[in-house]
């Protein structure tokens, strides 16, 4: 296929595998590194049509572009694992703009900042990849006509995509943490049943949202803890109180990781 590229993906979790599958279906060869990864990760990579390069070093040597999609706490270490890679790095992790800038400086690669909003892209119209940086249009072109809508941002700020992701998730995941905390307090004070009755009268959507937030936290709260810390750092840098999201990190930190990476 004309315009097909070799693209490295670090690492195929649920989101990464779905993004990788979009690129495979667009005609690109997408590499992943199996060294040190779990059987669960290998199964996701196989289902997405990814090609095993074995090691991160081999992946970097063979890739024109590398995508990093991992838990935010690992984003800097993943970038550093690329060593002397000099291609194009797309960091699409949920990190603060300051962290994104640190990642950009951690390698010799050209850098594009990314922020994913929405679930893993298994169908069109659900998920957007916002991009910033000089080469953002080049990265967006990789996803042309796929289920993932890539949107370069018309701004001079190289970490604008991360900034957008932070302020968006500040509400969606921050409000989920607040509802988890409210439910915990109501149960401890023995007023949960009455609270739900009042919600049914005055806030009829809250019980559904609370249940959905709890279910999501049980599945992904371990991952969101780091994201809340990144949002808190973003807020502090913007001169806005960060306590909301420091507390949200503590709430999500109470949930165990469900399985291997």
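The values are calculated or read from the model by the stated rules, or taken from the named source; none is laboratory data. The structure displayed is predicted, hence computed values, not measured ones. Every residue, glycine among them, receives a Cβ derived from its backbone with ideal geometry; neighbour counts consider all protein chains shown.
Identify all residues within the stretch 89-111 that are out of contact with any strand residue (DSSP E or B) (no Cβ under 8 Å at 6 or more places or on another chain), outside any helix (DSSP H, G or I) and surrounded by fewer than 24 Cβ atoms within 10 Å (Cβ to Cβ); write none if there are none.
If the condition is that a residue be out of contact with any strand residue (DSSP E or B) (no Cβ under 8 Å at 6 or more places or on another chain), outside any helix (DSSP H, G or I) and surrounded by fewer than 24 Cβ atoms within 10 Å (Cβ to Cβ), then 108 is the only one that fits.
Of all residues in the stretch 134-162, which are within 15 Å of residue 67 (Cβ to Cβ) and more than 18 Å from the chain's Cα centre (by Cα)? Working first, answer last.
Initial filter on the stretch 134-162 (within 15 Å of residue 67 (Cβ to Cβ)): 135-136, 138-143, 146, 148, 150, 161-162.
Across the stretch 134-162, the qualifying residues are 135, 138, 141, 142, 146.
Considering each residue of the stretch 48-67, count those that are surrounded by fewer than 24 Cβ atoms within 10 Å (Cβ to Cβ) and either assigned to a strand (DSSP E or B) or touching a residue at least 40 places away in the same chain (Cβ under 8 Å) (or both), and give that number.
Residues that pass the stated criteria total 7.
Scanning for something touching a helix residue (DSSP H, G or I) at 6+ places or on another chain (Cβ under 6 Å) and within 19 Å of residue 226 (Cα to Cα), does the stretch 79-90 turn up at least one residue?
Yes, that holds for at least one residue.
Going by the structure shown, is residue 86 outside the structural domain of residue 235 (by TED's automatic domain parsing), touching a residue at least 12 places away in the same chain (Cβ under 8 Å), exposed (fewer than 15 other Cβ atoms within 10 Å of the Cβ) and assigned to a loop (DSSP other than H, G, I, E, B)?
Judged against the criteria, residue 86 is a match.
Given the criterion surrounded by 20 or more Cβ atoms within 10 Å (Cβ to Cβ), out of contact with any helix residue (DSSP H, G or I) (no Cβ under 6 Å at 6 or more places or on another chain) and in contact (Cβ under 8 Å) with a residue 12 or more places away in the chain, identify the matching residue among 161, 232, 248.
The match here is 161.
So if I check each of 75, 110, 101, 96, which one is touching a residue at least 12 places away in the same chain (Cβ under 8 Å) and under 18 Å from residue 20 (Cα atoms)?
None of the others qualify; the one that does is 75.
Quick check on residue 45: is it assigned to a helix (DSSP H, G or I) and within 21 Å of residue 126 (Cα to Cα)?
For residue 45, the condition - assigned to a helix (DSSP H, G or I) and within 21 Å of residue 126 (Cα to Cα) - is not met.
Taking the conditions exactly as written (in contact with a helix residue (DSSP H, G or I) (Cβ under 8 Å, 6 or more places away or on another chain), farther than 24 Å from residue 171 by Cα and not in a helix (DSSP H, G or I)), does residue 130 satisfy them or not?
Values: in contact with a helix residue (DSSP H, G or I) (Cβ under 8 Å, 6 or more places away or on another chain): yes; farther than 24 Å from residue 171 by Cα: no; not in a helix (DSSP H, G or I): yes.
Spelling it out, it is not the case that residue 130 is in contact with a helix residue (DSSP H, G or I) (Cβ under 8 Å, 6 or more places away or on another chain), farther than 24 Å from residue 171 by Cα and not in a helix (DSSP H, G or I).
Hey, does the stretch 163-184 have a residue that's at pLDDT 95 or above and not in a helix (DSSP H, G or I)? Even if it seems obvious, please write down each step before you answer.
Taking the stretch 163-184 first, the residues at pLDDT 95 or above are 163-184.
Now narrow it down to the ones that are not in a helix (DSSP H, G or I): none.
Within the stretch 163-184, not a single residue is at pLDDT 95 or above and not in a helix (DSSP H, G or I).
Consider residue 31 carefully, then state whether it is in a strand (DSSP E or B), touching a helix residue (DSSP H, G or I) at 6+ places or on another chain (Cβ under 7 Å) and over 24 Å from residue 157 (Cβ atoms). I'd like the intermediate steps shown before the answer.
On the way: in a strand (DSSP E or B): yes; touching a helix residue (DSSP H, G or I) at 6+ places or on another chain (Cβ under 7 Å): yes; over 24 Å from residue 157 (Cβ atoms): yes.
Yes, satisfied.
Tally time: how many residues in the stretch 145-157 are out of contact with any helix residue (DSSP H, G or I) (no Cβ under 6 Å at 6 or more places or on another chain) and modelled with pLDDT of 95 or more?
Restricting attention to the stretch 145-157, the residues satisfying the condition of being out of contact with any helix residue (DSSP H, G or I) (no Cβ under 6 Å at 6 or more places or on another chain) are 145, 149, 151, 154-157.
Of the ones still in play, those that are also modelled with pLDDT of 95 or more are 149, 151.
Count: 2.
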